[in-house]
Amino acid sequence: MAKARKNFLIRFTLWLNFLFVALLLLAYIAPFVPPTILWIFVILGIIYPALLLVNILFVLFWIILLNKNFLYSFIAILVGFNTIQTHFQFNNQSSEPTDETVKIVSFNVKNLSNNNEKYADKEVRLAIQNYLDNQNANIICLQEFQTYPTKGVNTIKDFQGQLQKPYFAATPYLEKSRFKFVDLLLILSDFPILHTEELRHHGKIFALIADIKYHEDTLRVYNLHLESNHFGKNEYEIFYSPETTIDEQTTTQINSLVGKLARYSKIRNIQVNQVLENIAKSPYPMLICGDFNDTPGTYTYHKLAAGRTDAFVEKGKGYGNTYNGKLPAMRIDFILNDTIFKVNSFEIGHFEKSDHFPIMSTIKMSFK
């Protein structure tokens, strides 16, 4: 009887292992499937780190039992080695800066208040200003920059003055707003800005593009803030509540989360296509910075990173978590650059004044 029960548990565990191997393999396909065609793959791409961890645990389980079944998960993990590298880096070493090195910072500053209910938080604003000042960056791309122009609060001029950036490009998220404050995408630069463009979807900005003169050459910088998933407080509870149970309320929360992922991943799909159309017409090498609201396991990242260098993959370390909010750790902020440029360093700044961590990279600007 005991032997029969043991055999049943082994078979059950093996079939469970097969299920997670299949899910892991499907997660590798996720970046190639447009959400507008089959959005469910977005979820698999997002939960890839969890699927990877489960398969690692299966490998360890079978090895402890001295059972060759460990090969199923082991081989599945090896098949996705390139996917692992977009999430985890361990041995990268930074290079020394040179005269051709430019430092870029990208940071979603969450309204300069870190609280959507308490706007114009002076303490948070000053902390962010001081942090950025200490980075000595040449180009700064900010998402969710909020200013009160009628009150003279959080002005671009204030940031320009403290950060000593003579040039800027800015555009409001909404062309018309009923609020006193204005949310902006903002680029601050040490170098002259020759031309700007913006990309909108249904009237809302998601890309600010600036052509920047660097010595005798021109660089095109994309500051992106792709469509958010718009999770509300009620949906967030499922991730951090210690007493979450499967009941009617939880089912409603899960359905809401899944529905929003489906809806807004399709919008990001459309936005990415617009960005790629602009890139195809660009006469200049480029940097792509910003908050993608998608992870490296998704279609969004795959399309934007294709043919370009990911600064984290080149010089990052550890697990590339850039999110500081009430969702599981994930990398949704990126610096991508043309392959003619060399990445010297990459860092995720563990600065706690936003629901995102700032990211920064030094890049050797060689236009030859």
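Since every read-out is calculated from the coordinates, none of them should be taken as a lab result. Keep in mind the model is a prediction, meaning the values are calculated, not measured. Quick reminder, even Gly has a Cβ in these numbers, built from the backbone with ideal geometry, and neighbours come from all protein chains shown.
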Q. Can you give the calculated 222 nm mean residue ellipticity of the chain, where each DSSP H run of n ≥ 4 adds -39,500 (n - 2.57) and the sum is split over every residue, rounded to the nearest 500 deg cm²/dmol?
A. -12500 deg cm²/dmol
Q: Take every DSSP beta bridge with both residues inside the chain and express the antiparallel ones as a percent of the total, to the nearest 5.
A: 85 percent
Q. How many nm is it between the label spots at F18 and L57, if each spot is 7 Å from the Cα in line with the beta carbon?
A. 2.1 nm
Q.
Can you compute the label reach from N273? Point 7 Å from Cα along the Cβ direction, backbone N cut-off under 14 Å, restricted to the stretch 38-82.
A. 38-39
Q) Pairing the Cα long axis of helix 122-135 with the longest principal axis of the chain, what angle in degrees results, from 0 to 90 and rounded to the nearest 10? A) 90 degrees
Q. Where does each of V182, V102 land when they are ranked from fewest to most other beta-carbon atoms within 10 angstrom?
A. V182, V102
Q) What per residue convex hull volume, in Å³, do the alpha-carbon atoms of the stretch 2-79 yield? A) 81 Å³
Q: Compute the FRET efficiency between Y284 and N67 as 1/(1 + (r/R0)^6), taking r as their Cβ-Cβ distance and R0 = 51 Å, and round to the nearest 0.05.
A: 0.35
**Q.** Relative contact order (percent, whole number), the chain, Cα cutoff 8 Å, 6+ residue spacing
**A.** 21 percent
(Q) If I take every Cα pair under 8 Å that is 6 or more residues apart in the stretch 2-79, average their sequence separation and divide by the length, what percent do I get for the relative contact order? (A) 29 percent
Q | Exposure proxy order (Cβ contacts within 10 Å, fewest to most) of I40, I104, I332 | A | I40, I104, I332
Q | Sorted by Cβ neighbour density within 10 Å, fewest at the top, the residues S94, S361 | A | S94, S361
**Q.** Angle in degrees between helix 70-79 and the longest Cα principal axis of the chain, rounded to the nearest 10
**A.** 20 degrees
Q | With 5 Å bins from 0: P(r) over the stretch 101-364, alpha-carbon pairs, percent | A | 1, 6, 13, 17, 20, 18, 13, 7, 3, 1, 1, 0, 0
Q.
Between helix 248-281 and the chain, what is the angle of the helix's C-alpha long axis to the longest principal axis, kept within 0 to 90° and rounded to the nearest 10?
A. 50 degrees
Q. In µm²/s, what is D for the stretch 252-340 at 20 °C and 1.002 mPa s, where D = kT/(6 pi eta Rh) by Stokes-Einstein and Rh is the Kirkwood radius from Cα pairs?
A. 149 µm²/s
**Q.** Linear extension gain, S256 paired with E198, 0.36 nm per residue minus alpha-carbon span
**A.** 17.8 nm
